[in-house]
Amino acid sequence: MPLLSVLSLCVQYQTAQGTVRAVDDVSFELEDGETVGLVGESGCGKSTLGKAIMRLVPSSDGRVVLDGQDITSMPNAQLKSVRKNMQMIFQDPYGSLNPRHDVGTIIGQPLSVAGWSRRDIRDRVTELIRQVGLPADAERRYPHEFSGGQRQRVGIARALALQPKVIICDEPVSALDVSVRAQVINLLQDLQQQTGVSFLFISNDLSVVEHISDRLIVMYLGRIVESGSGEEIWRQPAHPYTLALLAAAPIADPRLARGRAKQVLQGELPSPLNPPQGCSFHERCPMARERCGKERPLLRKVSGGRMVACHYDLLEQPAELPRVVSVAS
Ligand code: SF4
């Protein structure tokens, strides 16, 4: 049984202009000790999906099952005891930390809520500060005294405090300098090895997600358009949107860069208030054909564990579909 199952989850908002389907029929699983990367442009619904799994925003349909328990409509009192198994690391390490609390209080807060004694909290906080590589005197200092990378370490320590089984990492490195991103990612990987925690790692940078993910999920306009093993997708994307995201990602290995098609993604993400008919990507897809504007492609299995929502099969590379669309300068 998977540790986390997300089953046909939908999140809808009512606005003055109409209904926004921020997350539309999303299903996936997360296994023990696994990292699943969730990638897509800003506004594609990936952060809303993370918050809906945590029940920080309400879902309109579907289910979330954590460790065999359906938490979708669980009463808040019961949810509190289950939630210790699922924590979140936020994008903005400064905005997510109370500036009036010292680091010891911030990290110890989930333990305090869970009813731990003051002495046990102090011991656990000291252990967590050491585990995430903060200075030994961090406990009595305040968030503004730390760098962005160190503040994110505080957020990671707080998320780890109750030894959760799942941590949802919502763009945890995108607000950090490039020079400290690798340190934070390496820390998360080390912590996963030590504790066996599973990560749902949300990012708009495919090169960051690919580095740490066992499996990848690519989202576009609230839906999954491709999923599969991180390595397979990185080497050979099967959806035109993934191909475009890959083309925009920096590639460290020049051997991979040489063989990769360049594709410039045109246009903006359409408004979820008024999504295009047919394939939601067809207005930007350089491979779109007449059928794409009329018929929505279903998410289907193409090989092994790979799922793709496209009428055509890029893995087969049919001659009539151009592989190289335009060459970036
Ligand atoms: Fe492009 Fe058509 Fe595939 Fe959509 S279904 S991704 S428009 S080729």
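The values are calculated or read from the model by the stated rules, or taken from the named source; none is laboratory data. Bear in mind the structure is a predicted one, so any value in this text is a computation, not a measurement. Here the Cβ positions follow ideal geometry from the backbone for every residue, glycine too, while neighbour counts run over all protein chains shown. These area figures cover heavy atoms from the full protein model, side chains too; ligands, DNA and RNA do not enter into them. Shrake-Rupley method; radii C 1.70, N 1.55, O 1.52, S 1.80 Å.
In table form, for the structure just shown:
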item: Accessible area of Arg63 in the full protein assembly, 1.4 Å probe (Å², nearest 10); result: 110 Å²
item: With every protein chain in place, the range 1-142: carbon and sulfur % of accessible area (1.4 Å); result: 47 percent
item: Cβ-Cβ FRET estimate between Ala182 and Glu268, R0 fixed at 25 Å, reported to 0.05; result: 0.25
item: Coarse-grained scattering of the chain at q = 0.16 Å⁻¹, given as base-10 log I(q)/I(0) from a Debye sum over alpha-carbon atoms; result: -1.38
item: Distance between the range 119-175 and the range 21-38 - C-alpha centres, whole angstrom; result: 25 Å
item: Full-extension gain in nm, Leu79 to Arg141, via 0.36 nm per residue minus C-alpha separation; result: 19.1 nm
item: Area accessible to solvent at Leu273, 1.4 Å probe radius, in Å²; result: 60 Å²
item: The chain - percent relative contact order, Cα under 8 Å, separation 6 or more; result: 19 percent
item: Computed helical MRE - 222 nm, the chain, DSSP H runs ≥ 4 contributing -39500 (n - 2.57), nearest 500; result: -9000 deg cm²/dmol
item: Computed magnitude of the charge dipole of the chain (debye, nearest 20; Cβ of K, R +1, Cβ of D, E -1); result: 400 debye
item: Positive minus negative residues near Gly230 (Lys, Arg vs Asp, Glu; Cβ under 9 Å); result: -3
item: Length released on extending from Asp67 to Lys294, taking residue separation times 0.36 nm less the Cα-Cα span; result: 77.7 nm
item: Average accessible area per residue (Å²) across the chain - probe 1.4 Å, nucleic acids and ligands excluded; result: 48 Å²
item: Sulfur and carbon atoms: percent of accessible area, the range 153-202 [1.4 Å]; result: 42 percent
item: Neighbourhood net charge (12 Å Cβ-Cβ; Lys/Arg +1, Asp/Glu -1) for Thr105; result: +4
item: Two-decimal ratio, the range 146-223, of alpha-carbon radius of gyration to 2.2 N^0.38 Å; result: 1.09
item: Charge dipole of the chain about the Cα centre (unit charges at C-beta), most positive-ward option of Asn186, Pro297, Cys285; result: Asn186
item: Of all accessible heavy-atom area on the range 268-318, the percent that carbon and sulfur account for (1.4 Å); result: 47 percent
item: Highest-fluctuation residue, Gly304, Gly108, Gly68 considered, GNM on the chain with Cα pairs under 10 Å; result: Gly304
item: Size descriptor, Kirkwood hydrodynamic radius, that averages inverse alpha-carbon separations across the range 1-155, Å; result: 17.7 Å
item: Residue-count net charge about Ser213 - beta-carbon cut-off 11 Å; Lys, Arg +1, Asp, Glu -1; result: -3
